[in-house]
1. With respect to Val142, determine if the residue is within 12 Å of the ligand (Cβ to nearest atom) and under 22 Å from Leu19 (Cα atoms).
2. Quick test for you: out of Val176, Val188, Val138, pick the one residue that is among the hydrophobic types (A, V, I, L, M, F, W, C) and under 24 Å from Glu31 (Cβ atoms).
3. Here are Phe76, Phe96, Phe58, Phe69: which of them is at pLDDT 95 or above and touching a Phe, Trp or Tyr at 6+ places or on another chain (Cβ under 8 Å)?
4. Looking only at the range 147-170, filter to residues that are of a type in the set (Phe, Trp, Tyr) and touching a Phe, Trp or Tyr at 6+ places or on another chain (Cβ under 7 Å); which one of those is nearest to Pro75 (Cα to Cα)?
5. If you scan the range 123-137, which residues turn out to be part of a strand (DSSP E or B) and either among the small types (Gly, Ala, Ser) or surrounded by 14 or more Cβ atoms within 10 Å (Cβ to Cβ) (or both)?
6. If only one of Ala160, Ala143 is out of contact with any helix residue (DSSP H, G or I) (no Cβ under 7 Å at 6 or more places or on another chain), touching a residue at least 12 places away in the same chain (Cβ under 8 Å) and not charged (D, E, K, R), which one is it?
7. Among the candidates Tyr173, Tyr131, Tyr121, which residue alone is touching a residue at least 12 places away in the same chain (Cβ under 8 Å), within 17 Å of the chain's Cα centre (by Cα) and within 28 Å of Ser45 (Cβ to Cβ)?
8. Output the number of the condition that Ile42 fails; it satisfies all remaining conditions of (1) within 12 Å of the ligand (Cβ to nearest atom); (2) more than 23 Å from Arg172 (Cα to Cα); (3) touching a residue at least 12 places away in the same chain (Cβ under 8 Å); (4) β-branched (Val, Ile, Thr).
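The values are calculated or read from the model by the stated rules, or taken from the named source; none is laboratory data. Fair warning: this is a prediction, and the values are worked out from it, not measured in the lab. A quick note on method: Cβ atoms are made from the backbone with ideal geometry, for glycine too, and the neighbour counts reach across all protein chains shown.
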Amino acid sequence: MAKVISENIGAYYHHYPRLAIIVTAQAKGRENAMAVAWHTAISFSPSLYGISISPKRFTYQLIVNSKEFGVNFLPFEQAELVASVGGSKGEEIDKFHQFDIAKDKPVKTAVPILKDAYAAYECKLIDDKGYGDHRLLVGEIVAVHLLKEAFAPEETLDLAKVSPVFYLGSERYATVSRETVKHLDREVYGKR
Ligand SMILES: Cc1cc2nc3c(=O)[nH]c(=O)nc-3n(C[C@H](O)[C@H](O)[C@H](O)COP(=O)(O)O)c2cc1C
């Protein structure tokens, strides 16, 4: 089938599905959580993680104030929570109270860590740059919280235990199952 050239680039969603995560932050006695689909690992050494968020988000103000943020990876059973924190404004409500979000204690920062996350990073903000209508916030990972049993010995997510939350766009969510996993060794496949 032939592809067409789109007349309208506009808001582009062709790079979805993306893992939908919850970014947490706190400052001056206020804490908050928001859904984020635009996020990426940036570097191993030091361990850097990037999130792209609009400066309109209440979470952005908290991160700029405290210079810290949390990155929380949730199982598919928590997809509704992702939609809830992504559909409400911390300026108007206390999301932790409203959505009854359970927390774990952070160890290196003051950011809230979500109890239901199978993995979470505490990050110290090291860079904040504007690109178009979003800001790329880069954090150094200073602590990693892990649900040990969610990961196989080779440190890949064990899909028999945890299904991650993928966001397709247009308020649609999906996950992946263990049956779809293919083990394709790059050393073998790179030499074919
Ligand atoms: C699945 C999903 C993914 C989202 N991804 C992003 C994102 O990557 N960057 C962003 O700025 N907003 C994103 N949003 C929107 C924010 O989560 C939303 O505006 C939220 O209400 C902001 O909360 P706050 O104002 O309390 O910080 C996303 C929303 C949803 C539902």
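1. Working: within 12 Å of the ligand (Cβ to nearest atom): no; under 22 Å from Leu19 (Cα atoms): yes.
Against the criterion (within 12 Å of the ligand (Cβ to nearest atom) and under 22 Å from Leu19 (Cα atoms)), Val142 does not qualify.
2. The match here is Val138.
3. On the way: Phe96 fails: touching a Phe, Trp or Tyr at 6+ places or on another chain (Cβ under 8 Å); Phe58 fails: touching a Phe, Trp or Tyr at 6+ places or on another chain (Cβ under 8 Å); Phe69 fails: touching a Phe, Trp or Tyr at 6+ places or on another chain (Cβ under 8 Å).
Just one listed residue meets the conditions, Phe76.
4. Taking the range 147-170 and keeping what is of a type in the set (Phe, Trp, Tyr), we get 151, 166-167.
From the residues that got through so far, the ones that are touching a Phe, Trp or Tyr at 6+ places or on another chain (Cβ under 7 Å) too are 166-167.
Numbers: Phe166: 10, Tyr167: 12 Å.
Among them, the one singled out is Phe166.
5. Pass one, the range 123-137, residues part of a strand (DSSP E or B): 123-131, 134-137.
Those that are part of a strand (DSSP E or B) and either among the small types (Gly, Ala, Ser) or surrounded by 14 or more Cβ atoms within 10 Å (Cβ to Cβ) (or both): Cys123, Lys124, Leu125, Asp128, Gly130, His134, Arg135, Leu136, Leu137.
6. Details: Ala160 fails: out of contact with any helix residue (DSSP H, G or I) (no Cβ under 7 Å at 6 or more places or on another chain).
Residue meeting the stated conditions: Ala143.
7. Numbers: Tyr173 fails: within 28 Å of Ser45 (Cβ to Cβ); Tyr131 fails: within 17 Å of the chain's Cα centre (by Cα).
That would be Tyr121, the only listed residue that is touching a residue at least 12 places away in the same chain (Cβ under 8 Å), within 17 Å of the chain's Cα centre (by Cα) and within 28 Å of Ser45 (Cβ to Cβ).
8. (1)
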